[in-house]
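Engineer: Quick one: this structure, given as structure tokens, is what I'll be asking you about.
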Amino acid sequence: NSKTESYYPSGFEPPAKIAWDNHLEDMQHQYPKGYTFIVDPLRTKYLGKTIELAKAKNIKVILYESPVLSESLSNLKNREEMIGQIKMIAKDYNIKYVQFDNLPLSDSRDYFISSLNLNLKGIKIFNDTLAAFMKRELVVK
């Protein structure tokens, strides 16, 4: 194989961009009435298959949503519907779904490269939050 693959000892590949990319402004310009997510039934099917496979191997599955820039939420017209569908999947498979969209960093562009993607500073904060959550959830009792 002549292709060289990147190796990250921590398993984390940092984002290529480090600064705000104006994606939110571009989306607001392109979709002035807001953006509507479309559910892809094939993705939903394969998410279910992935959950089933993990559970069959006794792997605990937790669905989560990373922080989202608060100011972008009003542009996501059917966000509540999408979250409802994710919650339904979690309920159907008896797994936990956690949203991290209420963290203080969600209120500042200083932690994002776009409305749905954290920058390195935001990732560090969120990783600490996610690690603490996982430690609580995955501890063997």
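The values are calculated or read from the model by the stated rules, or taken from the named source; none is laboratory data. Just so you know, these numbers come straight off a predicted model, no measurement behind them. Neighbour counts are summed over all protein chains in view; Cβ atoms, including those assigned to glycine, are modelled from backbone coordinates with ideal geometry. Surface areas here come from the heavy atoms of the whole protein model, side chains and all, with no ligands, DNA or RNA. Shrake-Rupley method; radii C 1.70, N 1.55, O 1.52, S 1.80 Å.
Engineer: Would you check if there is a residue in segment 51-59 being touching a strand residue (DSSP E or B) at 6+ places or on another chain (Cβ under 8 Å) and open to solvent by less than 50 Å² (accessible area, probe 1.4 Å)?
Structural biologist: Just the residues of segment 51-59 that are touching a strand residue (DSSP E or B) at 6+ places or on another chain (Cβ under 8 Å), to begin with: none.
No, there is no match, as no residue in segment 51-59 is touching a strand residue (DSSP E or B) at 6+ places or on another chain (Cβ under 8 Å) and open to solvent by less than 50 Å² (accessible area, probe 1.4 Å).
Engineer: Take segment 108-138 and flag every residue that is acidic (Asp, Glu) and open to solvent by 80 Å² or more (accessible area, probe 1.4 Å). Give the steps one after another, and end with the answer.
Structural biologist: Filtering segment 108-138 down to residues acidic (Asp, Glu) leaves 110, 128, 137.
Residues satisfying the conditions are ASP110, ASP128.
Engineer: Report whether or not LYS60 is modelled with pLDDT under 95 and assigned to a loop (DSSP other than H, G, I, E, B). Write out each step before concluding.
Structural biologist: Details: modelled with pLDDT under 95: yes; assigned to a loop (DSSP other than H, G, I, E, B): yes.
Considered against the rule, which asks whether it is modelled with pLDDT under 95 and assigned to a loop (DSSP other than H, G, I, E, B), LYS60 comes out as yes.
Engineer: For segment 90-107: of the residues being over 14 Å from the mean Cα position of the chain (by Cα) and open to solvent by 30 Å² or more (accessible area, probe 1.4 Å), which is nearest to TYR35 (Cα to Cα)? Let's see the steps before the verdict.
Structural biologist: Taking segment 90-107 and keeping what is over 14 Å from the mean Cα position of the chain (by Cα), we get 90-96, 104-105, 107.
Keeping just the survivors that are open to solvent by 30 Å² or more (accessible area, probe 1.4 Å) gives 91-94, 96, 104, 107.
Working: LYS91: 26, ASP92: 27, TYR93: 29, ASN94: 30, LYS96: 27, PRO104: 24, ASP107: 20 Å.
The selected residue is ASP107.
Engineer: Among the candidates LEU105, LEU116, LEU120, single out the residue that is under 30 Å from ASP26 (Cα atoms) and modelled with pLDDT of 90 or more.
Structural biologist: Going through LEU105, LEU116, LEU120 in turn, just one is under 30 Å from ASP26 (Cα atoms) and modelled with pLDDT of 90 or more: LEU105.
Engineer: Shifting gears a bit: Tell me which residues, restricted to segment 83-141, are in contact with a helix residue (DSSP H, G or I) (Cβ under 7 Å, 6 or more places away or on another chain), in a helix (DSSP H, G or I) and under 24 Å from GLY48 (Cα atoms).
Structural biologist: The one that is in contact with a helix residue (DSSP H, G or I) (Cβ under 7 Å, 6 or more places away or on another chain), in a helix (DSSP H, G or I) and under 24 Å from GLY48 (Cα atoms): ILE89.
Engineer: Quick check on LYS55: is it within 25 Å of ASN127 (Cα to Cα), basic (Lys, Arg), touching a residue at least 12 places away in the same chain (Cβ under 8 Å) and in a loop (DSSP other than H, G, I, E, B)?
Structural biologist: Working: within 25 Å of ASN127 (Cα to Cα): yes; basic (Lys, Arg): yes; touching a residue at least 12 places away in the same chain (Cβ under 8 Å): yes; in a loop (DSSP other than H, G, I, E, B): no.
Considered against the rule, which asks whether it is within 25 Å of ASN127 (Cα to Cα), basic (Lys, Arg), touching a residue at least 12 places away in the same chain (Cβ under 8 Å) and in a loop (DSSP other than H, G, I, E, B), LYS55 comes out as no.
Engineer: Looking at (1) closer than 20 Å to LEU138 by Cα; (2) in contact (Cβ under 8 Å) with a residue 40 or more places away in the chain, find the lone condition where VAL61 falls short.
Structural biologist: With (1) closer than 20 Å to LEU138 by Cα; (2) in contact (Cβ under 8 Å) with a residue 40 or more places away in the chain applied to VAL61, the lone miss is (2).
Engineer: Also, I was wondering about something else. If PRO67 satisfies every condition in (1) of a type outside the set (Phe, Trp, Tyr); (2) touching a residue at least 12 places away in the same chain (Cβ under 8 Å); (3) not in a loop (DSSP other than H, G, I, E, B) but one, which is the exception?
Structural biologist: Of (1) of a type outside the set (Phe, Trp, Tyr); (2) touching a residue at least 12 places away in the same chain (Cβ under 8 Å); (3) not in a loop (DSSP other than H, G, I, E, B), only one is false for PRO67: (3).
Engineer: Shifting gears a bit: Kindly check whether there is at least one residue in segment 95-105 that is at negative phi and in contact (Cβ under 8 Å) with a residue 40 or more places away in the chain. Give the derivation first.
Structural biologist: As a first pass, look at segment 95-105 and keep what is at negative phi: 95-105.
Next, only the ones that are in contact (Cβ under 8 Å) with a residue 40 or more places away in the chain stay: 95-96.
So far as segment 95-105 goes, yes, one or more of its residues are at negative phi and in contact (Cβ under 8 Å) with a residue 40 or more places away in the chain.
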